[in-house]
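Here the structure is laid out as structure tokens; the discussion comes afterwards.
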Amino acid sequence: MEFPRHLLELETLTRAQIEALLGLAGTFKRERARARSGEAGPDRRGLLRGRTIVTLFFENSTRTRSSFEVAARALGADVLSFQKEASSVAKGESLEDTVRNLDAIGADALVLRHPAAGAPRLVARAVKASVVNAGDGAHEHPTQGLLDALSLRERWGTLEGKTVAIVGDIAHSRVARSNIHCLTKLGARVRVGGPSTLIPLGIEKLGCTVAKTLREALTSADAVMALRIQNERIADARLPGARDYARTWGLNARTLEMLPQGALVLHPGPVNRGVELSSDVLDGPRSLVMDQVDSGVAVRMATLALCLRAEVAA
Ligand code: ASP
């Protein structure tokens, strides 16, 4: 099984490639947990020693950027954090020229977040370095899809035959797209639901079904993933107000009753408490949210190791 040199999207990865990545990420996650509890384990800092990873974020990020940087350092790489405001982008340099220069400086991998869908593909054509998509517009957020799958797989053993509901702003969500591709490739059924103006026509072609109400989305689901309304990508008046949204699509103690006992709750963050999730749901026993963040570091370690062809003895 060959892993691609760039991770641009999950749509074109095979199930075998996804499973190879999740297998390695699972190993890294267990090793990190053991190290936190003081147990000795393999030192992974040799895997990318001497390699340089540049993170370039043209959109805000809390989890993804820090998680990639922690992951790169855990593998021994040097990390350079490109600051848009302090760079020559602010003087008018184009994205392609910027990345060609970072390439010439000797970057081995560029981790890119950009508001334009397709920007990572454009960059991959322009540079010799590996390119990892850390979220491009409303297109994909591949490492998010992978980390969600890792957290779910660890709970369930397999995703085969499970039903995952994704609820919220599906139209503008790269997380929804990456999750639909990843979860269906791994054998799960995906149902999406949300305000009708935020469900794109023809989304079923990606392999999911559409639920018209929250009850329909949650009934017999094994997990629900709540998504934030992507205000920054919505220019028109299709937006329900936060109060309206919370009443019809928000997850709280009352609406959670529609889910079977034991079903799990996920959210990629950032969460608007009281809108997509009430605090008791977010901090409650069914929430996988902090575990998703933990999976994120391991998935990004595995991504960098595989894209950069590190010699990993699992
Ligand atoms: N953090 C995720 C993203 O960058 C989800 C979100 O922002 O709502 O797409």
Legend entry - Test: residue in region 85-97 that is within 16 Å of the ligand (Cβ to nearest atom), touching a residue at least 12 places away in the same chain (Cβ under 8 Å) and of a type outside the set (Phe, Trp, Tyr): no
Inset, instruction - Only strands (runs of 3 or more DSSP E) wholly contained in region 144-235 count here; list those with 2 or more residues that are within 16 Å of the ligand (Cβ to nearest atom). - result: 163-167, 223-226
Inset, instruction - Could you tell me whether Leu122 is at pLDDT 95 or above and not in a helix (DSSP H, G or I)? - result: no
Inset, instruction - Answer yes or no as to whether Leu47 is touching a Lys or Arg at 6+ places or on another chain (Cβ under 9 Å) and surrounded by 19 or more Cβ atoms within 10 Å (Cβ to Cβ). - result: no
Inset, instruction - Just give me the residues in region 280-314 being modelled with pLDDT under 95 and charged (D, E, K, R), in sequence order. - result: Glu311
Legend entry - Residues located in region 252-262, provided they are more than 12 Å from Val281 (Cα to Cα) and of a type in the set (A, V, I, L, M, F, W, C): Met258, Leu259
Inset, instruction - Identify, from the list Gly296, Gly274, the residue that is within 21 Å of Val175 (Cβ to Cβ), crowded, with 20+ Cβ neighbours inside 10 Å and either of a type in the set (S, T, N, Q) or within 16 Å of the ligand (Cβ to nearest atom) (or both). - result: Gly296
Inset, instruction - Taking the options Leu7, Leu24, Leu102, name whichever one is within 29 Å of Leu152 (Cβ to Cβ) and more than 16 Å from the ligand (Cβ to nearest atom). - result: Leu24
Legend entry - Candidates Glu31, Glu39, Glu19, filtered to the one that is away from the ligand (no atom under 16 Å from the Cβ), part of a helix (DSSP H, G or I) and surrounded by fewer than 18 Cβ atoms within 10 Å (Cβ to Cβ): Glu19
Inset, instruction - Looking only at region 49-66, count how many residues are within 12 Å of the ligand (Cβ to nearest atom) and at positive phi. - result: 0
Legend entry - Residues that are of a type in the set (A, V, I, L, M, F, W, C) and assigned to a helix (DSSP H, G or I), drawn from region 80-119: Val89, Ala90, Leu95, Val99, Leu102, Ala104, Ile105, Ala119
Inset, instruction - Please go through region 220-231 and pick out each residue that is surrounded by 18 or more Cβ atoms within 10 Å (Cβ to Cβ) and either farther than 25 Å from Asn60 by Cβ or of a type in the set (A, V, I, L, M) (or both). - result: Ala221, Asp222, Ala223, Val224, Met225, Ala226, Leu227, Ile229
Legend entry - Test result for Leu288, within 23 Å of Thr64 (Cβ to Cβ), touching a residue at least 60 places away in the same chain (Cβ under 8 Å), away from the ligand (no atom under 16 Å from the Cβ) and not basic (Lys, Arg): no
Legend entry - Residue identified as among the aliphatic types (A, V, I, L, M), within 29 Å of Asp103 (Cα to Cα), within 13 Å of the ligand (Cβ to nearest atom) and buried (at least 23 other Cβ atoms within 10 Å of the Cβ) among Ala129, Ala134, Ala138: Ala134
Inset, instruction - State all residues of region 158-169 that are more than 14 Å from the chain's Cα centre (by Cα) and surrounded by 24 or more Cβ atoms within 10 Å (Cβ to Cβ); if no residue qualifies, say none. - result: Val164, Ala165, Val167, Gly168, Asp169
Legend entry - Count - residues of region 232-259 that are surrounded by 12 or more Cβ atoms within 10 Å (Cβ to Cβ) and not aromatic (Phe, Trp, Tyr): 17
Legend entry - From Ser67, Ser61, residue being closer than 28 Å to Ile234 by Cβ, among the small types (Gly, Ala, Ser), at pLDDT 95 or above and surrounded by 12 or more Cβ atoms within 10 Å (Cβ to Cβ): Ser67
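The values are calculated or read from the model by the stated rules, or taken from the named source; none is laboratory data. Not measured: the values here are computed from a predicted model. Cβ coordinates were reconstructed from backbone atoms using ideal geometry, including for glycine residues, and neighbour counts include every protein chain displayed.
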